[in-house]
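Below: the structure, in structure tokens.
Laboratory data are not the source of any read-out in this text; all were calculated from the coordinates shown. On a predicted model such as this, the values are computed, not experimentally measured, just so you know. Because the Cβ atoms are built from the backbone with ideal geometry, glycine has one as well, and the counts that use them run over all protein chains shown.
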Ligand SMILES: Cc1cc2nc3c(=O)[nH]c(=O)nc-3n(C[C@H](O)[C@H](O)[C@H](O)COP(=O)(O)O)c2cc1C
Ligand code: SF4
């Protein structure tokens, strides 16, 4: 869905700003917003571009930088920290040959470390786009990544 | 997700199902009967009196009496009033609201509607963190079912009462769970906490009186109205009535949500979690999430209620219980906590924004024996006294309780 069609779902109520940004992000292959999206959205909601830009840069779910088809969020908070989430993060980065911006060499994955995902019962955990994964170890991570690369798990 | 009622509970209040309740299941189990009774047989202030009498305390962390909160808003005359369900659950180690959102979404819709009727609210919002994709799906579906069947919208159950609830998604911000930051976020802004007072109950969303309650708080409303305040007070301790959903995790055999009486002991929770993993020795537990405190071996029999933990200089907070064994590294956990707060600081006020990086540097110096714990505590204390919201105040408790070990 392009941005114009997304806007049609919403009235011009300012409280829809994040909802629209969520939908816009989901509709993009690389899951990032660009300045043009923000211009169109802010015009529609009748707010300043700076307000839309401010929101888009506050919530870490949104990014104006190039992201990837698969956004991997590795939980790093208390419980997962105890369960060695940092090792998981390092393993993922090396498995995917991530560069300094945490983008994988093939451009398919963007890896980040995030606050508690509320998956403490299956720690260590991560999310890839909207899918959750728990009780991770090196083997399960390899398998998950392989599956995504082969396109057998479209999330 | 594993969710169980503790064996000492004759009848759980919240964990009454093991599957997601769709509208049909919910109605089969008496769902929306309470709303119907409320709308047709009770005056708004009678409902508020019931909630006050139950002495229900907010389950979002601050333990403010819910009936008193509702009463503030009910007393004010205004063109609009709002009710918000805070489903931004972000306190590290806490996952109990997720269970409620995924299993009993209709109980929240019913409770929000009852709250709106009691305080004169005309619109409700359920604000869910975007990471909770499954919760969002379930709540969205439940809202549609409620609208399609006349439990929301115009003239609900032909009572003359009309009310709407909308869903909003956050994502990737811990401070957003702070009530005024959440309100800013619904308004489409960066989630900077507001100066309080005025409190949201007086001046909240778009400047109108707004009741904002945690998911678990709301999950208690229908049972209280249905069974009465006295029934509710059979649960828990004298000063902390009801049950609590404890989010139990860490180096135990069985992590999960456990519903138990407020006042259950740490030892009882550890037993319910089937003991420490690999028969390791219990070292301590972090109670209340990252902003909570450490509890040690000599306190295994301490009842986990709001008043007992407060007396012990700790907090129950969100009810997160992270068990650590002798092999877990408390030192690095503490650094993880400070780093989390530094990352989540919104930057609006100086003590928190500048304090956390400094605290981390001092903590590193402490680990190298270059400074004393009391130096760190001085800064944590200044942050506690001068930060605008509780995020900046949060370092004090974990640091203090860690150093006292
Ligand atoms: C940094 C911060 C994060 C918070 N996160 C949450 C949260 O995720 N969920 C919640 O219900 N309350 C959270 N709170 C507490 C809310 O500000 C508020 O007290 C609560 O939603 C009130 O509901 P209750 O009275 O039903 O507990 C947070 C507070 C702070 C300072
Ligand atoms: S205490 Fe921290 S999170 Fe709260 S308003 Fe100040 S800078 Fe923002």
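Which shape class, rounded, prolate or oblate, goes with segment A:3-58 when its Cα gyration tensor gives a ≥ b ≥ c as root eigenvalues, a/c under 1.5 marks rounded, and past that a/b bigger than b/c marks prolate?
Cα axes put segment A:3-58 in the oblate bin.
Using the beta-carbon distance between residue B:274 and residue A:138 and R0 = 35 Å, what value does 1/(1 + (r/R0)^6) give for FRET efficiency, to the nearest 0.05?
In this case the efficiency is close to 0.85.
Would you please classify the overall shape of segment B:88-199 from the alpha carbon gyration tensor, given that a ≥ b ≥ c denote the square roots of the eigenvalues, rounded means a/c under 1.5, and beyond that prolate means a/b larger than b/c while oblate covers the rest?
Numbers: a/c = 2.21, a/b = 1.37, b/c = 1.62.
Verdict is oblate for segment B:88-199.
Assuming R0 = 25 Å, what is the FRET efficiency of residue B:41 and residue B:78, from their Cβ-Cβ distance, to the nearest 0.05?
Numbers: r = 26 Å, r/R0 = 1.04.
Once the sixth-power term is evaluated, E becomes 0.45.
What 222 nm value per residue comes from the helices of chain B, counting each DSSP H run with n ≥ 4 as -39,500 (n - 2.57) and dividing by all residues, nearest 500 deg cm²/dmol?
-12500 deg cm²/dmol
Classify the protein assembly as shown: rounded, prolate or oblate, from the alpha-carbon gyration tensor (a ≥ b ≥ c, eigenvalue square roots; a/c under 1.5 rounded; otherwise prolate if a/b is larger than b/c)?
Verdict is rounded for the protein assembly as shown.
Taking 0.36 nm per residue of separation and subtracting the Cα-Cα distance, what length does fully extending residue A:2 through residue A:129 add? Mind showing how you got there, number by number?
Numbers: separation 127, 0.36 × 127 = 45.72 nm, distance 1.93 nm.
That works out to 43.8 nm of additional length.
At a threshold of 8 angstrom on Cα-Cα distance, excluding pairs fewer than six apart, so keeping six or more, what relative contact order does segment B:243-325 reach in percent?
The value is 37 percent.
Treat the count of other C-beta atoms within 10 Å as a stand-in for reagent exposure and order B:350, A:114, B:248 from fewest to most.
In order of increasing Cβ crowding within 10 Å: B:350, A:114, B:248.
Can you tell me, using C-alpha contacts under 8 Å and at least 6 residues apart, the relative contact order of chain A as a whole percent?
RCO, chain A: 18 percent.
Could you tell me what percent of the DSSP beta bridges with both partners in chain B are antiparallel, to the nearest 5?
Among the beta bridges of chain B, antiparallel pairing accounts for roughly 45 percent.
On average, how many beta carbons from a partner chain sit within 10 Å of the beta carbon of a residue in B:187-199?
Values: counts 4, 16, 9, 7, 4, 2, 0, 0, 0, 0, 0, 0, 0.
Mean number of neighbouring Cβ atoms from other chains: 3.
What spacing in nm lies between the two simple spin-label points modelled at residue A:50 and residue A:95, each 7 Å away from Cα in the Cβ direction?
For residue A:50 paired with residue A:95, the spin-label model returns 4.5 nm.
If you build a Gaussian network model of chain B, linking Cα atoms that sit under 10 Å apart, which residue out of B:301, B:97, B:122 swings the most?
Residue with maximal mean-square fluctuation among B:301, B:97, B:122: B:301.
Run the quick spin-label model on residue B:374 and residue B:158: label points 7 Å from Cα toward the beta carbon, then report their separation in nm to one decimal.
7.5 nm
Hey, can you rank B:173-181, B:304-312, B:391-399 by average C-beta count inside 10 Å, highest first? All intermediate terms of the calculation are to be shown ahead of the outcome.
On the way: B:173-181: 25.9, B:304-312: 18.3, B:391-399: 24.3.
Top to bottom by mean Cβ count within 10 Å: B:173-181, B:391-399, B:304-312.
May I ask for the distance between the Cα centers of segment B:351-401 and segment B:272-332, given as a whole number of Å?
Cα centroid to Cα centroid, the span is 21 Å.
Apply 1/(1 + (r/R0)^6) to the Cβ-Cβ distance of residue B:385 and residue B:361, taking R0 = 22 Å, and write down the FRET efficiency to the nearest 0.05.
On the way: r = 21 Å, r/R0 = 0.94.
For residue B:385 and residue B:361, the calculated efficiency is 0.60.
Where the centroid of each part is defined by its Cα atoms, how far is segment A:1-71 from segment A:115-135 in Å?
About 25 Å separates the Cα centre of segment A:1-71 from the one of segment A:115-135.
Across the residues of A:110-119, average count of Cβ atoms on other protein chains within 10 Å?
6
Considering chain A as a Gaussian network with a 10 Å cut-off on Cα pairs, which listed residue, A:43, A:25, A:93, attains the greatest mean-square fluctuation?
A:43
Which percent, nearest 5, of DSSP beta bridges in segment A:70-150 are antiparallel?
55 percent
Just rank B:258, B:68, fewest to most, by other beta-carbon atoms within 10 angstrom. Working shown, then result.
Numbers: B:258 27, B:68 13.
Going from sparsest to densest Cβ surroundings: B:68, B:258.
Count the DSSP beta bridges whose two residues both fall in the protein assembly as shown, then state the antiparallel fraction as a percent rounded to the nearest 5. If you can, show how the numbers build up before the last one.
Numbers: 27 of 57 bridges.
Among the beta bridges of the protein assembly as shown, antiparallel pairing accounts for roughly 45 percent.
I'd like the mean, over residues of B:170-178, of how many other protein chain beta carbons sit within 10 Å of each residue's own Cβ. Could the numbers behind the result be given before it?
On the way: counts 4, 8, 10, 5, 4, 1, 3, 0, 0.
Mean shielding count: 4.
Before anything else, pin down the relative contact order of segment B:330-403: Cα pairs under 8 Å, at least 6 apart, normalised by residue count, whole percent.
32 percent
In what order do B:363, B:235 fall by count of nearby beta-carbon atoms within 10 Å, going from fewest to most?
B:363, B:235
Out of B:167, B:57, B:245, any idea which swings most in a Gaussian network model of chain B, alpha carbons joined below 10 Å?
B:167
Distance in nm between label sites at residue B:7 and residue A:27, each 7 Å beyond Cα in the beta-carbon direction?
5.6 nm
Please work out how much length the chain gains when fully extended from residue A:43 to residue A:64, using 0.36 nm per residue of separation minus the C-alpha to C-alpha distance, in nm with one decimal.
Residue separation times 0.36 nm, minus the Cα-Cα distance, leaves 5.8 nm.
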